[in-house]
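Some notes on the structure that comes next.
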Amino acid sequence: MALTWAPGPLAGTGSDRTNYQIDGPKHRLLMHPFPRRVRAEFGGQTVLDTRAGVLLHETGLLPQLYVPEADLRADLLEPTDHHTHCPFKGDASYRSLRVGDRVAENAVWAYPDPKPEASWLEGYAALYWSSVDRWLDEDDETVGHLPDPFHRVDIRATGQRVRVRAGDLVIAESARALVLSETSLPNRYYLPAEDVREDLLIPSDTRTVCPYKGWASYWSLRADGHEIDDVAWGYQDPLPESLRIAGYRSFLHDQLTVDVSDA
C-alpha cells in the first residue's frame, strides 16, 4: 500500500518534490520475497504452506501474496473454466478448493503464460484471502490481509486539545488524545473513552478489520435530534503493535466537526 498508493513512488502519480524520475507505465508492478512462513486453512486442512512466498505490489491495489505452485495442496484443487485477462500480467486460469463437501469456487488463480514484462509470475499462484477459514503469519493468526512491510502505523501522545461536535453538540473533548499516523492516510485522533459522551452513543453492528490494528467496533450518535450512523470506532482488543489505542475512540463523519487546537 505504501509503495503503490499516493504518495508512494509506484503510485503512478508524479511529484514535483523529487530529484528523480521513474520511467515506465502508469500501472506498475513490483514483486519481492515475503520473509516469513505463511499458511492458509480451509475445512480443517492446511491448503497453503510456504516459506517462499512473494508479495506483488500493483498500482492502486493491496499487496497480493503469490506462492510457488508446490506450496499448494494440489490434491485439493480442481481446474475450472473461469479465466480473466489482465493487460499488465496476462491471462489467468482458476482452480477451486474442495475439502469434503466444502467448495471455494475459483479460489486460486495463476498466470501460466504471463506477459513478458511479468514473466517472473510463472510458476506462482495466488489464493483469495476470503476463500479460506484462517491465515497464519508464522504462528500468529492474521486478519484482513498480510501486513505490507512498507506500511507503517505510529501512535503518539499529543498535548493538543481535540473536540468533536455534531453542530453545537459536543460529543467528546480531550487534552489526552493519541494521534495515529498511518502510511498514505491522514492522521486520526483517538480519545480516551472517559472523555467521550458515551451516553450519546449506541453500539452499531458495523465491524471492520485492519491487519495493523485488529477488529474495530462502531458507535452511532442518537441524541438531541441527531441520528448519525457509525460516527465513532474503537479497538477494544487491538493487535499487540497497536495496544496503545485499546479503549480509545476515534471519530470521522461528514456531519461531524473535529477541532484540534493547542491545549
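The values are calculated or read from the model by the stated rules, or taken from the named source; none is laboratory data. Being a predicted model, the structure only gives us computed values, none of them experimental. Note: ideal-geometry Cβ built from the backbone for every residue, glycine included; neighbour counts use all protein chains shown.
At-a-glance table
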read-out	value
When residues of the range 57-97 are limited to those that are of a type in the set (A, V, I, L, M, F, W, C) and touching a residue at least 60 places away in the same chain (Cβ under 8 Å), the one farthest from Arg36 (Cα to Cα)	Phe88
Among (1) at pLDDT below 95; (2) more than 22 Å from His226 (Cβ to Cβ) - the single one Asp168 does not satisfy	(2)
Flag if Pro240 is under 29 Å from Arg39 (Cα atoms) and either modelled with pLDDT under 95 or not hydroxyl-bearing (Ser, Thr, Tyr) (or both)	yes
Test: Ala216 is touching a residue at least 24 places away in the same chain (Cβ under 8 Å), assigned by TED's automatic domain parsing to the domain that holds Val231 and small (Gly, Ala, Ser)	no
Which listed residue is assigned by TED's automatic domain parsing to the domain that holds Tyr248, at pLDDT below 95 and over 18 Å from Val260 (Cα atoms), from Thr183, Thr206	Thr183
Test set (1) within 20 Å of Val143 (Cα to Cα); (2) among the hydrophobic types (A, V, I, L, M, F, W, C); (3) assigned by TED's automatic domain parsing to the domain that holds Pro114 - Ala2 fails condition number	(3)
The range 137-154 residues that are in contact (Cβ under 8 Å) with a residue 40 or more places away in the chain, paired with ones that are surrounded by fewer than 13 Cβ atoms within 10 Å (Cβ to Cβ) and not in a loop (DSSP other than H, G, I, E, B) (beta carbon under 8 Å, 6 or more apart)	Val143/Val209; Gly144/Val209; Val153/Glu241
Single residue of the range 173-196 satisfying the filter (assigned to a loop (DSSP other than H, G, I, E, B) and hydroxyl-bearing (Ser, Thr, Tyr)) that is nearest to Gln255 (Cα to Cα)	Ser184
Answer from Asp148, Asp199, Asp205 - the residue that is of a type in the set (Asp, Glu) and part of a strand (DSSP E or B)	Asp205
Residue in the range 74-87 that is modelled with pLDDT of 95 or more, in contact with a Phe, Trp or Tyr (Cβ under 6 Å, 6 or more places away or on another chain), more than 30 Å from Val153 (Cβ to Cβ) and surrounded by 13 or more Cβ atoms within 10 Å (Cβ to Cβ) present	yes
Selection from the range 189-232 of residues that are over 22 Å from Thr142 (Cα atoms) and under 16 Å from the mean Cα position of the chain (by Cα)	none
Single unsatisfied condition, Asp168 versus (1) surrounded by fewer than 14 Cβ atoms within 10 Å (Cβ to Cβ); (2) under 21 Å from Gly8 (Cα atoms)	(2)
Residue within the range 9-32 that is touching an Asp or Glu at 6+ places or on another chain (Cβ under 6 Å), under 26 Å from Asp75 (Cα atoms) and in contact (Cβ under 8 Å) with a residue 40 or more places away in the chain present	no
